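Note sheet for the following structure.
No lab work stands behind these numbers, since they all come straight from the coordinates. Values in this document were obtained by computation on a predicted structure and should not be read as measured data. Here the Cβ is made from the backbone with ideal geometry for all residues, glycine too, and neighbour counts use every protein chain on show.
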Amino acid sequence: MGVRIRPMRAADLAAVSSIEKQITWSKRVGSLRKHLAAMLKAREGVCLVAEVDGAVGGFLVGDVAPWEFGEDRQVAWIKVVGVDPRHQGAGLGKKLGQAFLKEMRARGIRRVKTLVEWYSGDLVAYFQSLGFDRAGAIVLERFA
């Protein structure tokens with residue numbers, strides 16, 4: 001299995017949407033696709049794909065905030081990561097995460113954050129495999 005991590009292209013959006021739908025059964029894939037198309041067009045964020053034998057097998061999307069919750073430096077966020085169920089367990093997610101972290105180090109960004117639902121043990125384990133740990137912040141929310 002030949003794996004290559006590369007920047008996402010507009011031509012990848014159908015495959016990315018398909019993967020997102022397969023792993024989440026979410027109706028949001030249309031909004032994800034529009035958001036990613038806008039990011040790619042504006043050259044914002046870091047959008048990566050894992051190509052497996054020439055086809056998209058996974059993706060990771062992140063961005064950089066100029067400040068975050070009182071910090072005086074840039075903070076990177078991993079927004080979404082997905083791996084085609086046929087390739088889960090083959091290390092694609094880890095390779096994507098490592099590529100993102102390498103890019104952030106190259107940019108001089110030392111802090112990377114993400115949000116994970118407390119019941120998503122598989123995602124918690126994935127991020128822990130990349131060196132993430134619980135942060136001191138508590139997320140609060142309410143319905144408007």
Can you tell me, using C-alpha contacts under 8 Å and at least 6 residues apart, the relative contact order of the chain as a whole percent? 21
Kindly provide the GluC sites (Glu not before Pro) of the range 58-120 that DSSP labels as loop, not H, G, I, E or B, and whose Cβ sees at most 13 other Cβ atoms within 10 Å. GLU71, GLU117
Please report how many Lys pairs in the range 1-101 have alpha carbons closer than 20 angstrom, counting only residues at least 8 apart along the chain or sitting on separate chains. 7
Amide proton proximity set for VAL80, modelled H, under 5 Å, gap of 5+: VAL61
In which sequence would ASP12, ASP133, ASP122 go, from the one with the fewest C-beta neighbours within 10 Å to the one with the most? ASP133, ASP122, ASP12
Assuming a ≥ b ≥ c are the square roots of the Cα gyration tensor eigenvalues, decide whether the range 3-129 counts as rounded (a/c under 1.5), prolate (otherwise, with a/b larger than b/c) or oblate. rounded
Two-site FRET efficiency, TYR119 against ALA144, from Cβ-Cβ distance with R₀ of 22 Å, rounded to 0.05: 0.35
The range 36-69: chymotrypsin sites (Phe, Trp or Tyr not before Pro) falling in loop per DSSP and having at most 11 other Cβ within 10 Å: TRP67, PHE69
